[in-house]
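Each remark here refers to the structure printed beneath this line.
The values are calculated or read from the model by the stated rules, or taken from the named source; none is laboratory data. Because the structure is a prediction, the values reported are computed rather than measured. Cβ placement follows ideal geometry from the backbone for every residue including glycine, while neighbour counts extend to all protein chains displayed.
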Ligand code: GLP
């Protein structure tokens with residue numbers, strides 16, 4: 001089962017997860033961090049940026065993003081390559097040549113998934129994968145119905161996800177219809193999954209992913225198949241969890257030697 005940590009809010013989550021990531025990069029400077037986009041991981045990036053400004057060095061670490069839109073012009077501010085550059089690469093001091101984002105360019109789109117899988121493999125896979133969750137229950141951009149064995153590939157976004165993400169674009173029509181995303185099988189290969197969610201709007205998706213049946217209809221439920229998962233949520237996102245009291249109890253009695 002996943003460890004579920006109910007924290008006060010984004011800032012507390014940012015501190016908790018950053019402590020752990022800083023510990024990893026200090027032990028293994030060339031660690032591989034799996035990065036997610038969206039608003040959810042921003043408190044973690046902000047806290048890591050603060051640690052970097054106090055001397056934590058990410059210049060030898062590697063980053064792999066979960067997903068990318070297909071067909072946005074190069075340099076588009078909402079391309080995930082640009083978002084990761086703004087939120088992660090620059091503020092945390094990653095070497096740009098160490099930051100990988102799936103290629104959503106129209107050119108070699110049929111082979112983009114295979115190329116990304118090969119790059120992941122060449123770097124020994126992801127040590128810690130940060131995940132958000134969409135209101136459709138998606139992780140990465142694996143929409144309902146995604147195979148649990150899926151690898152990086154082109155997917156079609158649901159209308160719900162396009163509507164959710166329209167806030168980042170001038171209009172709904174500007175939101176791409178296709179994306180390239182790590183598959184659920186790819187995500188399950190990461191050594192440690194850290195799923196974050198904040199706010200009431202995520203409560204149903206969190207409950208379904210953490211406690212519901214393991215089903216392709218809720219791609220986030222794939223985390224139940226992974227041996228090392230940490231779910232970090234605020235009270236609102238945890239509000240539909242049936243066993244919330246137990247998670248709080250377990251946290252209060254967490255053995256001191258046990259990290260994340
Ligand atoms: C986006 C991303 C996901 C992200 C999710 C939630 O579409 N592809 O990786 O986890 O939707 O976004 P937010 O964190 O902004 O709620």
Scanning the stretch 179-201 residue by residue, those more than 9 Å from the ligand (Cβ to nearest atom) and farther than 25 Å from residue 124 by Cβ turn out to be 200
Starting from residues that are crowded, with 22+ Cβ neighbours inside 10 Å and over 24 Å from residue 73 (Cα atoms), keep the ones in the stretch 140-178 and report whichever is nearest to the ligand (Cβ to nearest atom). 146
Find all pairs meeting these conditions: Cβ atoms under 7 angstrom apart; at least six residues apart or on different chains; first residue within the stretch 140-169 and without any contact (Cβ under 8 Å) to a residue 12 or more places away in the chain; second residue within 12 Å of the ligand (Cβ to nearest atom) and in a loop (DSSP other than H, G, I, E, B). 165/175; 166/175
Given the criteria under 21 Å from residue 187 (Cβ atoms), out of contact with any strand residue (DSSP E or B) (no Cβ under 7 Å at 6 or more places or on another chain) and surrounded by 20 or more Cβ atoms within 10 Å (Cβ to Cβ), does residue 42 qualify? no
Could you please find all residues in the stretch 1-43 being part of a helix (DSSP H, G or I) and under 25 Å from residue 117 (Cβ atoms)? 21, 24, 25
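Given the criterion in contact with a helix residue (DSSP H, G or I) (Cβ under 8 Å, 6 or more places away or on another chain), over 23 Å from residue 190 (Cα atoms), modelled with pLDDT of 95 or more and assigned to a loop (DSSP other than H, G, I, E, B), identify the matching residue among 52, 76.
76
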Considering every residue within the stretch 17-34, establish whether at least one is more than 16 Å from the ligand (Cβ to nearest atom), without any contact (Cβ under 8 Å) to a residue 40 or more places away in the chain, buried (at least 18 other Cβ atoms within 10 Å of the Cβ) and within 12 Å of residue 127 (Cα to Cα). yes
Sort out which residues of the stretch 92-109 are more than 18 Å from the chain's Cα centre (by Cα), assigned to a helix (DSSP H, G or I) and touching a residue at least 40 places away in the same chain (Cβ under 8 Å), and write them in order of number. 109
